[in-house]
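Report on one structure; see the data block that follows.
Derivation of every value follows stated rules applied to the coordinates shown; laboratory data play no part. A quick note: this is a predicted structure, and the numbers were derived from the prediction, not measured. We place every Cβ from the backbone using ideal geometry, glycine too, and count neighbours over all the protein chains shown.
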Amino acid sequence: MHDCCIVTTFAVMDNSKEKRKRWINAHPELVVKPSMKRRKVGHDYHGVAVYMVTICIQGRRPVLGTLCDPDINHRKPWIRPSAIGVAVKHAWQEIPVYHPQVKLLGFQLMPDHVHGIIHVKTPMPQHLGHLIQGFKKGCRDVIKSTVPGNEILWEEGYNDRILQDGGQLNRWIKYLIDNPYRLWTKRHHPDLFHKHTGIVIGTTPVTVMGNRFLLDHPDKVAVKCSRRLTKEEIAIERKRFLSMAHQGAVLVSPCISPGEKEIMAVAFEAGYPIILLLENGFAPYQKPYGRQFEACSKGTLLLIAPWPHHDDYRKITREQCNTLNALARYISDNDYHCE
């Protein structure tokens, strides 16, 4: 997943969306192919960079370890590595021995995949993919010598995210550290993190993720602001809608105009329950992360997508805006009884 491809999972919190859009328009040659395991076209995978890499077990079999509850030695949920998991961790730690150009900045073993952050300090003679293939081979070799009779089979390929600055690096290091907690929370509150399909709101079939019982709430308000509003007028609308949220209303919006984005962002930061309508759908294995994850775990966020997911950047059409606004109005005016 790369920054040059915009996937709108929470538009109101994506303050850099317009900046990314301008970047895409200025660099059409770097737009990526639709794939979770794509490589960024035009990027030098031999050169200096920092990558967050994800590698999955074929079939997502949980052979690397077991998710455990917090205990006297672990304040948060944690992963107890299996013998295979220990071998995989050892193979990861050996990467700099064979590739002295890199430094390992982070690693997280999960039951069916691994995350790792790799800093390429000086140009490598071979592609990053060669390093990943070497790691996979190293896993097989270590497992043969330490866990006889077992064989690990990785999925073909890998996913990489190019980290652009120190802020991104720190966020992803925290993401790795918190990953067992997120998995534990998902297992204990599965309904809040699963995609639910086959739901029809009015006459519109949708896919939802988050607390779908917010649709049952008796007091829902559609947030709609004209693009022509001044900053002063937006401030008045923000105060009005936040007052309703403070009194218990659930705010509903596709966050299309600047005013809508501002109001929903402030409501989200304040912890008020919100329903967000998305132009883009949900990618395979997509789950909320960061503040969205916390909001889902608390039951204060519902994401609704009436259309399938796409990887490429698409400018939202007037027809889509009208559809999303009509859907927001319908949700605010009606109850949907979830089962």
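Can you flag which of K40/K103; K76/K224; K103/K137; K121/K186; K186/K315 are past 30 Å Cα-Cα? Could you put the intermediate results ahead of the total?
Details: K40/K103 21 Å; K76/K224 41 Å; K103/K137 19 Å; K121/K186 36 Å; K186/K315 33 Å.
Listed pairs above 30 Å: K76/K224; K121/K186; K186/K315.
Where the centre of each part is set by its Cα atoms, how far does region 150-200 sit from region 56-102, in angstrom?
15 Å
Could you compute the net charge surrounding V147? Neighbours are other residues with a C-beta less than 13 Å from the C-beta of V147; K and R count +1, D and E count -1. Write down the numbers at each step before the final one.
Values: positive: K89, R140, K144; negative: D141, E151.
Result for the local shell: +1.
Where does helix 166-188 land angle-wise versus the long Cα axis of the chain, in degrees 0 to 90, nearest 10?
Approximately 80 degrees, to the nearest 10.
Just to check, using Stokes-Einstein with a Kirkwood Rh over alpha carbon pairs, what's the diffusion coefficient of region 191-333 at 4 °C and 1.567 mPa s in µm²/s?
84 µm²/s
With Kirkwood's inverse mean 1/r over C-alpha pairs for Rh, give me the Rg to Rh ratio of the chain, two decimals please.
Working: Rg = 22.2 Å, Rh = 22.0 Å.
Value, to two decimals: 1.01.
What's the local net charge at E233, with K and R +1, D and E -1, over the other residues with C-beta under 14 Å away? Don't skip to the end; give the middle numbers.
Values: positive: K224, R227, R228, K231, R238, K239, R240; negative: E232, E237, E260, E262.
Cβ neighbours under 14 Å give a net charge of +3.
Gain in length, K121 to Q133, computed as 0.36 nm per residue apart minus the alpha-carbon separation, to one decimal in nm?
Details: separation 12, 0.36 × 12 = 4.32 nm, distance 1.94 nm.
Gain on extension, K121 to Q133, equals 2.4 nm.
Okay, helix-only estimate at 222 nm for the chain: each DSSP H run of n ≥ 4 adds -39500 (n - 2.57), divide by all residues, round to 500 deg cm²/dmol; what do you get?
Values: 9 runs with 120 residues, N = 339.
Computed mean residue ellipticity for the chain: -11500 deg cm²/dmol.
Who wins for biggest fluctuation among P180, P306, P62 in a Gaussian network model of the chain, springs between alpha carbons below 10 Å?
Fluctuation is largest for P62.
Rounded to the nearest 20 debye, what is the charge dipole size of region 191-333 about its Cα centre when +1 sits on each Lys and Arg Cβ and -1 on each Asp and Glu Cβ? Walk me through the numbers on the way to the answer.
Working: 18 positive and 15 negative charges, 44 e Å.
Value, rounded to 20: 220 debye.
As I understand it, the value is the acute angle between the Cα axis of helix 128-146 and the longest principal axis of the Cα atoms of the chain; what does it come to in degrees, rounded to 10?
Helix 128-146 sits at roughly 60 degrees to that axis.
For the chain, find the longest principal axis of its Cα atoms and tell me its angle to the long axis of helix 318-333, 0 to 90°, nearest 10.
For helix 318-333, the angle is close to 70 degrees.
If a paramagnetic tag sat 7 Å from the Cα of I201 along the Cα-Cβ line, which residues of region 279-308 would have the backbone N under 13 Å from that point?
Once the point is set 7 Å along Cα→Cβ of I201, 279-280, 301-307 turn out to lie under 13 Å by backbone N, inside region 279-308.
Quick one: which of 183-196, 286-299, 106-119 comes out on top by average Cβ neighbours within 10 Å, and what's the full order, highest first?
Details: 183-196: 15.6, 286-299: 17.8, 106-119: 20.0.
Per-residue mean Cβ counts within 10 Å order the peptides as 106-119, 286-299, 183-196.
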